[in-house]
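Worksheet: the structure to be examined is printed underneath.
Please treat every number below as a calculation from the coordinates, not as lab data. Since the structure is predicted, the reported quantities are computational estimates derived from the model, not experimental observations. Neighbour counts run over all protein chains shown; Cβ positions are idealised from the backbone, glycine included.
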Amino acid sequence: MSSVKVVLLGAIGVAIIVQLIASGQTDQSLPKSQQTPTVVPTTSEVATPVVFDIPKLVGKSIKQIESTLGPATRSFEPTDLQEEMGVIDADKTFDIDGVSLMITYNSRTGIVKEYFLETPDPSGATANTGSLLKLGHLENGATNYRIKFIPTIKDPSVYTGVVVTPI
């Protein structure tokens, strides 16, 4: 007997909901000014955020960069033996919002030699050079640095990232 009541109440509930929907105004029946707009951004409208402002880092020492970006997530410093053998390049990698910036510098002087901004694409490659430039707040033709996109080995039309070399 109780299962019959449950089925009956369920049927009444469905009937009430159907009636409310049928008699009520839908968004489409409202005047245009009262309708909720449906906006689907196109690819060109989706903004790529600036993650690293590399032009502001150019000309700073690695210590100054660390005070700006915080501690590196990965680093390499040559050992004393390696330095005796002539290895003076060191690097520090900074990760922000899934984007990595590796900075290569002279371990003795702290002077930055280059920056490598890696694509955040999970595949490790991108054809969208514009988004790479935007991530680093970079522009072609700057007077204080040069940029070079680094192609993948398998497909030179896609890139692993961009190298920025101070001039």
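Structural remarks
- Across segment 95-142, C-alpha contacts under 8 Å between residues 6 or more apart give a mean separation that, scaled by the residue count, equals a relative contact order of 27 percent.
- Diffusion constant of segment 69-167 at 10 °C, which comes from Stokes-Einstein with the Kirkwood Cα-pair radius and 1.306 mPa s, µm²/s: 109 µm²/s
- Residue order, fewest to most beta carbons within 10 Å, for SER61, SER107: SER61, SER107
- Ranked VAL162, VAL99, criterion: other C-beta atoms within 10 Å, fewest first: VAL99, VAL162
- Length released on extending from SER123 to ARG108, taking residue separation times 0.36 nm less the Cα-Cα span: 1.9 nm
- Spin-label pair THR152-THR68: with each label point 7 Å from Cα along the Cα-Cβ axis, the two points sit 3.1 nm from one another.
- Remark: the HIS137-GLU83 segment gains 16.1 nm on full extension, using 0.36 nm per residue and subtracting the alpha carbon distance.
- Note on GLU114, GLU83: ascending count of other Cβ atoms within 10 Å places them as GLU83, GLU114, the fewest first.
- Local electrostatic count at LYS113 - Lys and Arg +1, Asp and Glu -1, tallied over other residues with Cβ under 11 Å: -3
- Only the Cβ atoms of Lys and Arg (+1) and of Asp and Glu (-1) were treated as charged; on that basis the dipole of segment 78-167 about its Cα centre amounts to roughly 340 debye.
- Listed residue pairs exceeding 31 Å between alpha carbons, taken from LYS56/LYS154; LYS92/LYS154; LYS113/LYS134: LYS56/LYS154
- For PHE76 and ALA47, the FRET efficiency from 1/(1 + (r/R0)^6), where r spans their Cβ atoms and R0 equals 25 Å, is about 0.15.
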